[in-house]
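The values are calculated or read from the model by the stated rules, or taken from the named source; none is laboratory data. For clarity, every value in this text was computed on a predicted model and none was experimentally measured. Positions of Cβ are backbone-derived with ideal geometry, glycine not excepted, and every protein chain shown enters the neighbour counts.
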Amino acid sequence: MAVDVLIYPTTEKLSLEAADFIVKAANEAIADHGRFTLALSGGSTPRKLYGMLAGDPYKDQIDWSKVEIFWSDERCVPPTDAESNFQLAQEVMFSKLQIPAANIHRCPADEADRDAASLAYTQEMKRVFQTDGVPAFDLIQLGMGPEAHTCSLFPHQASLQEEVRLIMPVTVPKPPPPRLTFTPPLLNAARHVLFLVTGAEKAEALQAVLEGSYQPDEYPAQIVRPTNGHVTWMLDNAAAARLSQKEQER
């Protein structure tokens, strides 16, 4: 696994670089195997990025008809709810792009039977990837919380030890608690993982994740170690404030 840690002075600069990163990854994937498989996250950090991808000049730099979009986790709320990760992307990105509805694979987290919903989403993913094994996303875009959670993998939860299921229901210590999430086997099959982390409240956890000993039960973001993939961390100055290595500032 290769890792890059890139530090930017502002969220604006970070988001511009992330948009460039995604455009490059998309075009390389489409040239290599005819499509780009992308998993999005939620939260406030990627909102600016999603808006950029839907505007000039980025919207015309990707053939959106060849992009397949999933979500790395979802809150168990209706897709029109303000807490929905799908709703965030729909509002600031999809509503402004010419992307086929069939290419947008919403996580059915609003269904009452969360186990059945997890299985259905897994089956949909395997159908799109045409595999019975673990799908290998071209790019999974993730965030990290102040307690080092990523996706909806939180400290000291059984989800961190999951080895069979690719999607599973979890109940987390943050509202809204019920969610569906990617599990470690799916995350670690990715070709590229892009972490976007901003804010001083994440600095302590980020230092532990990147420079501390390997304790994924305490710092779940450490569990993202793609077997044959590349991880890029894009950080703002506030999030990176405690890191000892600053030579990659932009």
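Which residues, counting only those in the stretch 98-119, are crowded, with 16+ Cβ neighbours inside 10 Å and either aliphatic (A, V, I, L, M) or at positive phi (or both)? Talk me through it step by step, then tell me what you get.
Looking only at the stretch 98-119, we keep the residues that are crowded, with 16+ Cβ neighbours inside 10 Å, and these are 99, 103-110, 114, 117-118.
Those that are crowded, with 16+ Cβ neighbours inside 10 Å and either aliphatic (A, V, I, L, M) or at positive phi (or both): 99, 104, 109, 117.
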Task: Residues being touching a Gly at 6+ places or on another chain (Cβ under 9 Å), surrounded by 15 or more Cβ atoms within 10 Å (Cβ to Cβ) and polar (S, T, N, Q) - total across the stretch 12-52 - done: 3
Task: Contacts under 6 angstrom Cβ, first residue in the stretch 61-79 being farther than 27 Å from residue 30 by Cα, partner hydroxyl-bearing (Ser, Thr, Tyr) and surrounded by 15 or more Cβ atoms within 10 Å (Cβ to Cβ), 6 or more apart - done: 77/84
- [ ] Test residue 148 against the criterion of being part of a helix (DSSP H, G or I) and at pLDDT 95 or above, and give yes or no.
- [x] no
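Residues are listed down the side, and each one gets a yes or a no for (1) within 30 Å of residue 206 (Cα to Cα); (2) of a type in the set (D, E, K, R):
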{"position": "102", "(1), (2)": "no, no"}
{"position": "106", "(1), (2)": "yes, yes"}
{"position": "113", "(1), (2)": "no, yes"}
{"position": "117", "(1), (2)": "no, no"}
{"position": "132", "(1), (2)": "no, yes"}
{"position": "138", "(1), (2)": "yes, yes"}
{"position": "144", "(1), (2)": "yes, no"}
Open item on the list: Where the second residue is part of a strand (DSSP E or B) and surrounded by fewer than 20 Cβ atoms within 10 Å (Cβ to Cβ) and the first is free of Cβ contacts under 8 Å to residues at least 24 places away in the same chain and β-branched (Val, Ile, Thr) and lies in the stretch 164-183, which pairs have Cβ atoms under 6 Å and are six or more apart or on separate chains?
Closed with: 171/178
- [ ] Please indicate, with yes or no, whether at least one residue in the stretch 187-194 is of a type in the set (S, T, N, Q), out of contact with any Pro (no Cβ under 7 Å at 6 or more places or on another chain) and in a loop (DSSP other than H, G, I, E, B).
- [x] no
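Considering only the stretch 184-204, how many residues are under 18 Å from the mean Cα position of the chain (by Cα) and either among the aliphatic types (A, V, I, L, M) or closer than 14 Å to residue 74 by Cβ (or both)?
Filtering the stretch 184-204 down to residues under 18 Å from the mean Cα position of the chain (by Cα) leaves 184-199, 202.
If we keep only those that are either among the aliphatic types (A, V, I, L, M) or closer than 14 Å to residue 74 by Cβ (or both) as well, we get 186-187, 189-190, 193-194, 196-197.
Going through the stretch 184-204 one residue at a time, the tally reaches 8.
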TODO: Count, please, the residues in the stretch 85-107 that happen to be part of a loop (DSSP other than H, G, I, E, B), without any contact (Cβ under 8 Å) to a residue 40 or more places away in the chain and over 20 Å from residue 138 (Cα atoms).
DONE: 1
TODO: Could you please find all residues in the stretch 28-43 being touching a strand residue (DSSP E or B) at 6+ places or on another chain (Cβ under 9 Å) and aliphatic (A, V, I, L, M)?
DONE: 29, 30, 38, 39, 40
